[in-house]
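Report on the structure given below.
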Amino acid sequence: MKIVVLVKEVPDTYGDRKLNLETGLAERGAGDVVLDEITERALEVALSFADKNEGTEVVALTMAPEGSTASVRRALAIGAGSAVHIADEQLAGADLGLSAEVLAAAIRRAEPDLVITGNLSTDGSGGVIPAMIAEHLGWPHATALTAVEIAAEGITGTRGADAGAQPISASLPAVISITEALPDARFPNFKGIMAAKKKPLEVLSLDDLGVSADPAVAPRTIMTSVSEKPPRAAGVKIVDEGDAAEKLVEFLVQNRLV
């Protein structure tokens, strides 16, 4: 079986995040960048299956700037057998639609049996890329899984719901996304780090994938405005002088909380 795992480099959640008010894009050079934890968990799902099933091929796939090689190599150090890095200057600021189209093209080129992703990234938090990729590929998809079992004929899993849990199943090829309910990724050891330097890492451009980022050819999202998040305002303090209940009700009504 061949499994493609989508991995993503994101700004470190423990660092400061800044937005460029001219371009509307995140200032990724303003702080440290790391491999998104949820994508590491997705990689762990694939590697756990590979540990028990000889002959399984695990490929890490990412769309990131050229300088993101270290993050790709981390995926290889954790255990992926090879990696594909989509790097093209035309992808700077790519929206969800273009990102899904590009990733789907790379997946189609790799011809895997299964694609595993995280349910949403910690930077964009869109949460729709897995479904959009599946739509491009014409494959079934099972999203936001809290448990998953992979077999030669398909996948089964569980999705959390308000009333309990939903059993999910899909035949292969398929796209699945997992949540933080799945185990943490294994930590890369020294042997894995050294081996990562010799593992195959293919770099692809939009021309290689046959995808156009020209908005005149394929118009997508249009940004109308961007602004910084306003500073947090001070709270309202109610002093009980016999009318605290009335003041509280008035506050709730003014803020449309009742």
Say we look at region 1-35 and pick out the residues that are modelled with pLDDT under 90 and assigned to a strand (DSSP E or B); which of these is farthest from PRO230 (Cα to Cα)? LEU35
How about region 149-203: which of its residues are small (Gly, Ala, Ser) and not in a strand (DSSP E or B)? ALA151, ALA152, ALA163, ALA181, ALA185, GLY192, ALA195, ALA196
Going by what's in this entry, would LEU47 be described as farther than 20 Å from ALA144 by Cα and either in contact with a Gly (Cβ under 9 Å, 6 or more places away or on another chain) or of a type in the set (D, E, K, R) (or both)? no
Given the criteria at pLDDT 95 or above, under 17 Å from SER121 (Cβ atoms), among the small types (Gly, Ala, Ser) and out of contact with any helix residue (DSSP H, G or I) (no Cβ under 6 Å at 6 or more places or on another chain), does ALA42 qualify? yes
Hey, THR117 hits all of (1) of a type in the set (S, T, N, Q); (2) over 28 Å from ALA195 (Cβ atoms); (3) in contact with a Leu (Cβ under 9 Å, 6 or more places away or on another chain) but one; which does it fall short on? (2)
Only one of (1) crowded, with 19+ Cβ neighbours inside 10 Å; (2) farther than 13 Å from LEU209 by Cβ; (3) not aromatic (Phe, Trp, Tyr) is not met by GLU111, so which one is it? (1)
Name the residues in region 149-189 that are within 20 Å of GLY55 (Cβ to Cβ) and of a type in the set (A, V, I, L, M, F, W, C), would you? ILE150, ALA151, ALA152, ILE155, LEU172, ALA174
Name the pairs: first residue in region 116-142 and among the hydroxyl-bearing types (Ser, Thr, Tyr), second residue surrounded by fewer than 18 Cβ atoms within 10 Å (Cβ to Cβ), Cβ to Cβ under 9 Å, at least 6 apart or on different chains? SER121/GLY127; THR122/THR13; THR122/GLU37
Residues that are part of a strand (DSSP E or B), of a type outside the set (Ser, Thr, Tyr) and buried (at least 20 other Cβ atoms within 10 Å of the Cβ), drawn from region 36-88: VAL58, VAL59, ALA60, LEU61, MET63, ALA83, VAL84, HIS85, ILE86
Go through ALA142, ALA181, ALA185, ALA174 for me and flag whichever is surrounded by 10 or more Cβ atoms within 10 Å (Cβ to Cβ), in contact with an Asp or Glu (Cβ under 6 Å, 6 or more places away or on another chain) and closer than 22 Å to ASP36 by Cβ. ALA185
Those residues that are touching a Pro at 6+ places or on another chain (Cβ under 7 Å) and hydroxyl-bearing (Ser, Thr, Tyr), I need them from region 114-155; list them, please. THR117, THR143
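One line per residue, one yes/no per condition, for (1) assigned to a helix (DSSP H, G or I); (2) closer than 25 Å to ASP207 by Cα; (3) modelled with pLDDT of 95 or more:
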{"position": "ALA100", "(1), (2), (3)": "yes, yes, no"}
{"position": "LEU103", "(1), (2), (3)": "yes, yes, yes"}
{"position": "ARG108", "(1), (2), (3)": "yes, yes, yes"}
{"position": "THR122", "(1), (2), (3)": "no, no, no"}
{"position": "SER125", "(1), (2), (3)": "no, no, no"}
{"position": "HIS136", "(1), (2), (3)": "yes, yes, yes"}
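Here is a check on your reading of the model: is SER177 under 21 Å from GLU9 (Cβ atoms), at pLDDT 95 or above, of a type outside the set (D, E, K, R) and within 19 Å of the chain's Cα centre (by Cα)? It would help to see each step written out before you state the result.
On the way: under 21 Å from GLU9 (Cβ atoms): yes; at pLDDT 95 or above: yes; of a type outside the set (D, E, K, R): yes; within 19 Å of the chain's Cα centre (by Cα): yes.
Yes, satisfied.
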Among the residues of region 241-257, is any surrounded by 10 or more Cβ atoms within 10 Å (Cβ to Cβ), among the hydrophobic types (A, V, I, L, M, F, W, C), part of a loop (DSSP other than H, G, I, E, B) and modelled with pLDDT under 90? no
Consider ALA42 against the criteria (1) more than 24 Å from ALA151 (Cα to Cα); (2) under 17 Å from the mean Cα position of the chain (by Cα); (3) touching a residue at least 24 places away in the same chain (Cβ under 8 Å): it satisfies all of them except one. Which criterion is unmet? (1)
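The values are calculated or read from the model by the stated rules, or taken from the named source; none is laboratory data. Remember, it's a predicted structure, so these values are computed and weren't measured experimentally. Ideal geometry is used to build each Cβ from the backbone, glycine not excepted, and the neighbour counts take in all protein chains shown.
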